[in-house]
Each structure stands twice: as C-alpha cells, then as structure tokens.
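Below is one structure; the comments refer to it alone.
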Amino acid sequence: MQNYSISELARIFKITKYTIRHYVDEGLLSPEKNSVSGYYTFSETDLYRLYQILTFRKIGYAVKDIKKLFEQDNFTDVFRVAEAKVQDQINSLLATKRTIHTIIQSQENTKFDKIAFAERDDRFFKQVPDNLLAEEQLNLLEIAKFDSYQPENVCYLIKSNGNYDTCFPGKSDDYHYVMPKGDYAYKNVLIQEEQELYNQIESFKNDSFIKNALSTDNSVILCYENIFSSLAYNQATVFTLGLNYDC
C-alpha cells in the first residue's frame, strides 16, 4: 500500500497543506505521525477519506456535519438528497441566466423616442380591483396576497378623455378590455421622473398619425413598464406606449 506525505496529498487534490492539517485537527483524517520528525504519513485509506470529505464540502456540508455523517455506514441517501438540492440550484441558476439574457436582449432591441409599427395578437386585460389600489396606486401589500397578480405585469389603458384604468393581463374568457389583433403603433420612452411620463404620453397623443387614430371612440393607449429593459438602468425606467391604429 502506497503512502503519501502531506505535500503530495496537497498536490494530488490541489488544496493547501493547511486545509489537510485542519481536517486532521478536526479528527476527520487520522494519518500516522512520525514521533521523531512530526511529519504525517497518509495511507490510501486516508486519500479515499479525503476524497469523501472534499466531496461533502463541495455539496455544502460543514466540517461538524461531516463528522456526524461519518458515524453512518452508508451515504447513499445523503447523496440522493444532495443531488436533489444541487438540481434545485441548477434550475435556479438557469432561471437567473434566462432572466439576464432577456434583460440583455430587451436592452439591445429597445429603440427610444421613435414611433414604430408591429402586428399584435388579441390582448386581454382585467381591471385591477379597487381593494388592490390605494389612492390610484397599486397596494403592493394587498397584491402580495395573490399569486395571480404580479406587480410587474401592471399596465394602464388611457382613454381619449384622459382617464385611465389600471389593469393586469386577462384571459380570453376572463377580461374587461380587449385590444384586438391588428397593427399597432408603439413608442419606447426612458423616464426618470413621473412627470416625464405624462409629457411623453401627451407627445405621443399629439403626433399627427396617433391623433388621427385616436379619433375613433374606442381607441385607447396602452402604457406599461418594460421591466426587463428597465433593469438595465440605474435611475431610469422604460415605458412602452402602444395604440391600435387599425380600429
């Protein structure tokens, strides 16, 4: 059976000698110690045990918890639980990666202060209940009680008379308003103060093309925060204004 010095063991596992000594001091490793030189000699059994220790450390176990694990004869169930936890972490990281990618893509694709055109499918909206509003603002504490409402999905339907309704996305069988499939004009604006949004809405409404489309009685302007684009800015918010000009 081959034996190893602490330096050799450190090179094999690419860790420091201090780390190995710490595991020895904690009783996780039990190498032979030369009474004269004071040097440790590690057997292949110690090497295997160190592999186990480092594996548990990577999983996230503290030294004191590894001591308790080593009181068991079989670690199969421990690894099953660990695998499930690691998979949860992977799923969480992948979700975070998708969010980051969406932010980057949204930022790269968002053009500001210019009216553009696109075709949209039917979009349904449900008015926010009065109990979820406080002085015409979203009552976030109340909204937090409902899984079906997400603050980031709020939007505003601005009517021709200037009044507006605060809405969440609805469904084809559960809605108060519908913006029908058709051609839409839209404009992205970067806002730092609330008054700027009102000014941008007025500017959008007074555009000659938009003003003509607003002449129909059922025309409304859709206004919503573009969350993913906004996350790329420190002190500004991206809003999108849209209007169906095909009514």
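The values are calculated or read from the model by the stated rules, or taken from the named source; none is laboratory data. From a predicted model like this one, the values you see are computed outputs, not experimental measurements. Cβ coordinates were reconstructed from backbone atoms using ideal geometry, including for glycine residues, and neighbour counts include every protein chain displayed. Accessible surface areas use protein heavy atoms only, side chains included; no ligands, DNA or RNA. Shrake-Rupley method; radii C 1.70, N 1.55, O 1.52, S 1.80 Å.
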Of every hundred units of 1.4 Å-probe accessible area on region 1-55, the number belonging to carbon and sulfur atoms, as a percent, is 49 percent
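What percentage of all Cα-Cα pairs in the chain are separated by more than 23 Å?
On the way: 20322 of 30381 pairs.
Pairs farther apart than 23 Å: 67 percent.
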Rounded to two decimals, the Debye log10 I(q)/I(0) of region 76-148 (Cα scatterers, no solvent) at q = 0.12, 0.13, 0.24 Å⁻¹ is -0.78, -0.87, -1.00
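Whats the longest run of the chain with zero trypsin sites (Lys or Arg not before Pro) that are DSSP loop and have at most 12 other Cβ atoms within 10 Å?
Values: sites that count: LYS14, LYS111, LYS114, LYS145.
Within the chain, the longest run free of exposed trypsin sites (Lys or Arg not before Pro) spans 146-247.
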Residue-normalised value, i.e. accessible area per residue, for the chain at 1.4 Å probe, in Å², stands at 66 Å²
If the chain between GLN195 and LEU141 were fully extended at 0.36 nm per residue, the gain over the current Cα-Cα distance would be 16.9 nm
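Just want to confirm a number: the relative contact order over region 1-104, from Cα pairs under 8 angstrom separated by 6+ residues, in percent. Mind showing how you got there, number by number?
On the way: 56 pairs, mean separation 22.4, N = 104.
Result for region 1-104 is 22 percent.
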The orientation-averaged projected area of the Cα convex hull of region 106-179, in nm², is 7.0 nm²
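Calculated from DSSP H runs of 4 or more alone, at -39500 (n - 2.57) each and per residue, what is the 222 nm mean residue ellipticity of the chain, nearest 500? It would help to have the intermediate numbers written out before the result.
Values: 9 runs with 101 residues, N = 247.
When only DSSP H runs of four or more count, the value is -12500 deg cm²/dmol.
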On the accessible surface of region 57-186, probed at 1.4 Å with all protein chains in place, carbon and sulfur together account for a percent value of 49 percent
Computed Rg/Rh for region 1-52 (Cα atoms; Rh = Kirkwood radius) stands at 0.92
Square roots of five times the C-alpha gyration tensor eigenvalues of region 157-211, ordered largest first and given in whole Å, equal 23, 15, 11
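Using alpha carbons only, what's the Rg to Rh ratio of region 118-247 with Rh from Kirkwood?
On the way: Rg = 14.8 Å, Rh = 15.5 Å.
Expressed as Rg/Rh, it is 0.95.
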Using the Cα gyration tensor of region 1-147, the equivalent ellipsoid's semi-axes, largest first and to the nearest Å, work out to 58, 21, 15
